[in-house]
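Working notes for the structure below.
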Amino acid sequence: MDTYTTYDVTDDERELAGLVRDFADTVIAPISYEADRTHTLPLDVVAQMGDMGLFGLPFPEEYGGQGGDYFALGVAIEAIGRVDQSLAITLEAGVSLGAMPVFRFGNESQKRELLPDLLAGRALAGFGLTEPDAGSDAGATRTTARLEDGQWVVNGAKQFITNSGTAITRFVTVTAVTGERGGRKEISTIIVPNGTPGFTVEPAYDKVGWRASDTHPLTFADARVPAENLLGAQGRGFANFLHILDEGRIAIAALATGAAEGCVDAAVDYAHSRTVFGQSLATKQAMQFKIARMQARVHTARLAWHQAARLRDAGKPFKTEAAIAKLVAGDAAMDNARDATQVFGGNGFMNEYPVARHYRDSKILEVGEGTTEVQLLVIARALGLA
């Protein structure tokens, strides 16, 4: 099936989808198994993604971007997510959590200094939000930053931070308590360059999935950065990161849709090639119905993230639609991974097959950048139930 034949997309968007899908199939897919097995992010492939302009898709040309929009970014992430979620999340986090906070909230000097390399894929950046005791409850942030002699002195710890420890990681943006207002924590965001004394990127995690993606815990012990490294207005860090997460959920939904589609593709191919009791597995109605349901999930997930992205790009409210998209697409990825593994039988339990990797990778899509429960809470609040 032509993925975008029946969807409301422009010729340019359809062309982008085809270009990135071809790149994913010919460049990424052949190295995905080994990258996953060795827990290695292939930076040469990241560089090629940068050369294609993928990291700059939703940014203006004046900063080195492609002048596109968030929908275009979703198209690219979905295409890569079909074959390799680790590289898809590297792109998603590189844009949504690395470059986008600088573009949205940085001053002109910060944009001019930091964005060109980020948008070209020459550098990556992380977003330090989650802490050991502050995940969904990000307001429980304990990392602190105090002004002292024209410098922010940062102390604390972050965990599960994507793109934070690669050879091309330039900095992390961290949320930190910078004071108190009206009895509540004042949370700000501060840019901390990699290599700053007192800032330690701890050893990478041994993860269940996304094993080729770069993820580390971070610690800060009197890490000092200039006062001008404040990103956005002081005390606006909490509100700013909520906006960043809303956008990021659209991109995660696109990734999840790609993963769900990758499972369909693999299941269809395997059903045609596998013979059981003298007949093709594809002739068995039980398999036909299972794979048909998988395709229905892909279609629904794609429509959901398409609508959320279109609303965002049109400057309209999209918070609830983004939550719905992430909820539906995350469920689709996990359900399709489970069903595809069943179609493959014993082979589905072998890591050499892509459905095994999707099975391990997809669970985090129900957790990262807002758990399923958080999405349900957002939707319930929009209905006036909370």
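Values in this text are rule-based calculations from the coordinates and carry no lab data. This one's a predicted model, so the numbers in the text were calculated from it and none came from an experiment. For neighbour counting, all protein chains shown are included, and Cβ atoms are generated from backbone atoms with ideal geometry for every residue, glycine included.
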Simple SL model, points at 7 angstrom along Cα→Cβ for Glu61 and Thr10; separation in nm is 1.3
Hey, in the GNM for the chain with a 10 angstrom Cα cutoff, which one of Arg37, Arg310, Arg184 fluctuates hardest? Arg184
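Just add up the charged neighbours of Glu186: K/R +1, D/E -1, any other residue whose Cβ is under 12 Å from the Cβ of Glu186.
Numbers: positive: Arg146, Arg181, Arg184, Lys185, Arg236; negative: Glu180.
Here the charged neighbours net out to +4.
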Relative to a virtual label point 7 Å from the Cα of Arg293 in the Cα→beta-carbon direction, which members of region 324-342 show backbone nitrogen distances below 14 Å? 332-342
Output the 0 to 90 degree angle, nearest 10, between the alpha-carbon long axis of helix 108-119 and the longest principal axis computed from the alpha carbons of the chain. 30
Using only the Cα atoms, work out Rg/Rh for region 156-288, with Rh taken as the Kirkwood radius, to two decimals. 1.22
CD proxy, 222 nm, the chain: helix-only mean residue ellipticity via -39,500 (n - 2.57) per DSSP H run with n ≥ 4, per residue, nearest 500, stands at -15500 deg cm²/dmol
Around Gly150, what is the net charge, scoring Lys/Arg as +1 and Asp/Glu as -1 over all other residues with Cβ under 13 Å from its Cβ? -1
Count charges around Phe199 for me, please; just the other residues with Cβ under 12 Å from its Cβ, Lys/Arg as +1, Asp/Glu as -1. 0
One finds, for Asn155 and Gln285 with R0 = 56 angstrom and r their Cβ-Cβ distance, a FRET efficiency to the nearest 0.05 of 0.35
Where in region 270-288 does the label zone of Gln342 land, with the point 7 angstrom along Cα→C-beta and an amide N cut-off under 17 Å? 270-271, 281-288
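Could you sort out which of Lys290/Lys316; Lys207/Lys326; Lys111/Lys316; Lys158/Lys326 sit more than 29 Å apart by Cα distance in this structure?
Lys290/Lys316
Taking Cα pairs under 8 Å and at least six residues apart, what relative contact order does the chain come out at, in percent?
16
So how much slack lies between Leu43 and Lys363, counting 0.36 nm per residue of separation and subtracting their Cα-Cα distance, in nm?
Full extension from Leu43 to Lys363 adds 112.7 nm.
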Using θ = phi - 60° and the Karplus relation 6.51 cos²θ - 1.76 cosθ + 1.60, list the HN-Hα couplings for region 288-303 in order, rounded to whole Hz, with x at every Gly or Pro. 4, 5, 4, 6, 4, 5, 4, 5, 4, 5, 4, 4, 5, 5, 5, 4
Can you give the FRET efficiency for Ala227 and Ala29, using 1/(1 + (r/R0)^6), R0 = 56 Å, r = Cβ-Cβ distance, to the nearest 0.05? 0.75
FRET efficiency for Phe277 and Glu186 from the Cβ-Cβ distance with R0 = 56 Å, rounded to 0.05, comes out at 0.25
